[in-house]
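Undergrad: Would you mind keeping the following structure in view while I ask a few things?
Every number here is computed from the coordinates shown, using simple stated rules; none is lab data. Note that this is a predicted model, so its numbers are computed, not measured. In this analysis, Cβ positions are derived from the backbone assuming ideal geometry, glycine residues included, and neighbour counts consider all displayed protein chains.
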Amino acid sequence: MQIVQQTQHQLTLAYRPFNVWLQSVVCMAIAFTVPQFEGYPSRYNLLVSIGLFVVGFWQIAYRGSIVTCSFNKRQGYFVIQQEGLRGTRRLRRSLREVSGIAIDEIVQYGGKRRRGPYVYKIYLQMFSGDRIALSTNALFSQEQAHQTAWMLCRFFGLRPYSMTEAKRRSLLL
């Protein structure tokens, strides 16, 4: 997340998922080159092509949103805005509802014995028990996640953030 504006009473952060955009473009570019492979039946090439194109488009549509988080102490609210192919969505809440900042450390992949690299997701914890994610994707840099969390804690005047390891998700559940 990048700082767009930071003053005593206002903080604006933006998240632009360049890595998702790049993956999607590469996936869609490969989709157009697959039909040119020889030695495979054309219907298989067409199915692979359509599959790669759908995956690339899905990534842009569901994970490629630009997220802007604006926190304003004078007006007493924050706005999280997501802009993407599916339109613009806005969430507006009072700053008084924020009880803390949390970072989830998520294992990207790995078996029971081997742990893969981690990604980090930053959440605003609300007094109601809700958690609001600040971006549509996880951050790859632990340092960037910690810096963003500390900046938010200082801005809100909150105690230091909590960091937890997220529970592993199974595709079967």
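Undergrad: Name every residue in the stretch 134-160 that is within 13 Å of the chain's Cα centre (by Cα) and either surrounded by 15 or more Cβ atoms within 10 Å (Cβ to Cβ) or more than 19 Å from R16 (Cα to Cα) (or both), in order of residue number.
TA: Of everything in the stretch 134-160, those that are within 13 Å of the chain's Cα centre (by Cα) and either surrounded by 15 or more Cβ atoms within 10 Å (Cβ to Cβ) or more than 19 Å from R16 (Cα to Cα) (or both) turn out to be L134, S135, T136, N137, A138, L139, A145.
Undergrad: Then there's this: Answer yes or no as to whether S42 is hydroxyl-bearing (S, T, Y) and buried (at least 17 other Cβ atoms within 10 Å of the Cβ).
TA: Details: hydroxyl-bearing (S, T, Y): yes; buried (at least 17 other Cβ atoms within 10 Å of the Cβ): no.
Answer is no for this residue.
Conditions (1) closer than 17 Å to T148 by Cα; (2) among the aliphatic types (A, V, I, L, M), marked per residue:
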{"position": "V4", "(1), (2)": "yes, yes"}
{"position": "L22", "(1), (2)": "no, yes"}
{"position": "S42", "(1), (2)": "no, no"}
{"position": "G51", "(1), (2)": "no, no"}
{"position": "S65", "(1), (2)": "no, no"}
{"position": "K73", "(1), (2)": "no, no"}
{"position": "Q81", "(1), (2)": "no, no"}
{"position": "T88", "(1), (2)": "no, no"}
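Undergrad: Also, quick follow-up: Would you check if V79 is in contact with a Ser or Thr (Cβ under 6 Å, 6 or more places away or on another chain), crowded, with 16+ Cβ neighbours inside 10 Å and part of a strand (DSSP E or B)?
TA: Working: in contact with a Ser or Thr (Cβ under 6 Å, 6 or more places away or on another chain): yes; crowded, with 16+ Cβ neighbours inside 10 Å: no; part of a strand (DSSP E or B): yes.
Answer is no for this residue.
Undergrad: Of all residues in the stretch 43-77, how many are in contact with a helix residue (DSSP H, G or I) (Cβ under 7 Å, 6 or more places away or on another chain), in contact (Cβ under 8 Å) with a residue 24 or more places away in the chain and under 18 Å from V4 (Cα atoms)?
TA: Result for the stretch 43-77: 2.
Undergrad: Can you tell me which residue within the stretch 135-149, out of those that are free of Cβ contacts under 8 Å to residues at least 40 places away in the same chain and part of a loop (DSSP other than H, G, I, E, B), is nearest to R89 (Cα to Cα)?
TA: A138
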